[in-house]
Number of protein chains: 2
Amino acid sequence: MSSQPDNTQPGAVAVYCGSSTGTHQEFATAAQSVGKSLAVANRPLVYGGGSKGIMGIVSGACLENGGKVTGIVPYAMVTAGGEGEKTQNNITVHLNEVGREKTETIVVASMHERKVEMAKRSEAFVGLPGGFGTFEEVLEVTTWTQLGIHKKPVILVNVLSFWEPLRQLVDSSIAYGFIKPISKEIIVFVDGPANHEEHAGFDWGSAVLRAI
Amino acid sequence: MSSQPDNTQPGAVAVYCGSSTGTHQEFATAAQSVGKSLAVANRPLVYGGGSKGIMGIVSGACLENGGKVTGIVPYAMVTAGGEGEKTQNNITVHLNEVGREKTETIVVASMHERKVEMAKRSEAFVGLPGGFGTFEEVLEVTTWTQLGIHKKPVILVNVLSFWEPLRQLVDSSIAYGFIKPISKEIIVFVDGPANHEEHAGFDWGSAVLRAI
Ligand SMILES: [Mg+2]
């Protein structure tokens, strides 16, 4: 045990994900697992700032376990009352709304500034399931790594094989000569068990931390 | 025949694509077809400004057929001597370098400004094969349509089924509840003939124009 200041404090992790909960409990469970693991590993969570859907779950789980959470929110979204929840369903979600006021919120001018700010504050990027916005965010930080703007890994949580088509897109684009084979390494897919029935109980958070 | 000024001049089309040529002649042929069709339809081409790979082919074909071409180039890329070509191969490409000086070049401050400028100047977006940057650009304009920032179609040229995995990603994200079914309509896939052997001779340009 050292009394020295901790200079090896692990860096923050940006999480990109949907503002919907999705149709399958496994998505919510994976988000909770990731949020909790970040807290336990003392890694701050940086995210889009919403309290709904997967966004709400991952941030809630992090807060609930004593983690530090920073939400980066475009000004227009603050005035509009937040990110809209796009689907409704019967997924059971425990959101610790009592702790939510501990979230640090950074208000930025635009969607673009949000992405820049999230990337700047983080040393790794994690993609949980989401929609077009999530796809775009994950691919933009991948592009920035490819261009050498930063050198940070992109980790996709492949729960229920959600990201499998993106892996296929990348693989075929490499085969067709549009992406260099070496760039394949930028994105790490965390696949979990081969059997989807084991995805509900899998420790996605630990697998993500190992992949960083 | 009217002597009135033409107020129905068709709008510009932004094309996103790779700075590599790809491994298959069909990609180059499709790019030439799209560039030529834009010129013939009197629709200005707006693109990333490179002279290499698919970028060079689509813009060269447009210029060669008397079309108007505007390249939007980030300042850092101008000083670095342009977009690097990432692959080399035996694809036969006819680039009309004689006409290339007719390209209008707009220099912008950043990669982000390039995307904003390309989108602002265009009334439709076309994705030809490319890599991470192309994926990100296509998905960003899709996100902007979804958010209501603009209302412009995204057309993906599915030559040799290049974009098929993206269709699967979107379809499964809809099925999993992260994208609204109505948003599926934002992206139109131009598939061409079911038989890939007919892709080399297919009129991709006309099919793209019909999809706008
Ligand atoms: Mg983007």
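Some notes on this structure:
- Candidate set from region B:29-62 (those that are among the aliphatic types (A, V, I, L, M) and surrounded by fewer than 24 Cβ atoms within 10 Å (Cβ to Cβ)); member that is nearest to residue B:76 (Cα to Cα): B:39
- Tally of residues being part of a loop (DSSP other than H, G, I, E, B) and either closer than 18 Å to residue B:209 by Cα or more than 9 Å from chain A (Cβ to nearest Cβ) (or both) across region B:132-162: 6
- Failed item, numbered, when residue A:166 is tested on (1) under 17 Å from residue B:132 (Cβ atoms); (2) more than 10 Å from chain B (Cβ to nearest Cβ); (3) in a helix (DSSP H, G or I); (4) of a type in the set (A, V, I, L, M, F, W, C): (2)
- Residues within region A:58-91 that are modelled with pLDDT of 90 or more and polar (S, T, N, Q), tallied: 3
- Test: residue in region B:177-185 that is among the acidic types (Asp, Glu) and not in a helix (DSSP H, G or I): no
Per-residue answers, yes or no, for (1) surrounded by 16 or more Cβ atoms within 10 Å (Cβ to Cβ); (2) touching an Asp or Glu at 6+ places or on another chain (Cβ under 8 Å):
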{"site": "B:160", "(1), (2)": "yes, yes"}
{"site": "B:163", "(1), (2)": "yes, no"}
{"site": "B:167", "(1), (2)": "yes, no"}
{"site": "B:178", "(1), (2)": "yes, no"}
{"site": "B:187", "(1), (2)": "yes, no"}
{"site": "B:195", "(1), (2)": "no, no"}
{"site": "B:201", "(1), (2)": "no, no"}
{"site": "B:204", "(1), (2)": "yes, no"}
{"site": "B:208", "(1), (2)": "yes, no"}
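- Selected residue (criterion: nearest to the ligand (Cβ to nearest atom)) from residues of region A:137-167 that are charged (D, E, K, R) and touching a strand residue (DSSP E or B) at 6+ places or on another chain (Cβ under 9 Å): A:137
- Where residue A:129 falls short, out of the listed (1) more than 16 Å from the ligand (Cβ to nearest atom); (2) in a loop (DSSP other than H, G, I, E, B); (3) within 12 Å of another protein chain (Cβ to nearest Cβ); (4) over 17 Å from residue B:177 (Cβ atoms): (4)
- Sole residue being more than 29 Å from residue A:116 (Cβ to Cβ) and at pLDDT below 95, chosen from B:164, B:101, B:198: B:101
- Filter result for residue A:202 (in a loop (DSSP other than H, G, I, E, B), more than 16 Å from the ligand (Cβ to nearest atom) and touching a residue at least 24 places away in the same chain (Cβ under 8 Å)): yes
- Test: residue A:113 is over 13 Å from the mean Cα position of the chain (by Cα), surrounded by fewer than 19 Cβ atoms within 10 Å (Cβ to Cβ), within 14 Å of the ligand (Cβ to nearest atom) and assigned to a helix (DSSP H, G or I): yes
- Condition met for residue B:139 (buried (at least 19 other Cβ atoms within 10 Å of the Cβ), under 16 Å from residue A:166 (Cα atoms) and out of contact with any Pro (no Cβ under 7 Å at 6 or more places or on another chain)): yes
- Only one of the listed residues (B:124, B:119) is more than 9 Å from chain A (Cβ to nearest Cβ), over 21 Å from residue A:130 (Cβ atoms) and within 16 Å of the ligand (Cβ to nearest atom). That residue is B:119.
The values are calculated or read from the model by the stated rules, or taken from the named source; none is laboratory data. Worth saying up front: this structure is predicted, and the values here are computed from it rather than measured. Neighbour counts are summed over all protein chains in view; Cβ atoms, including those assigned to glycine, are modelled from backbone coordinates with ideal geometry.
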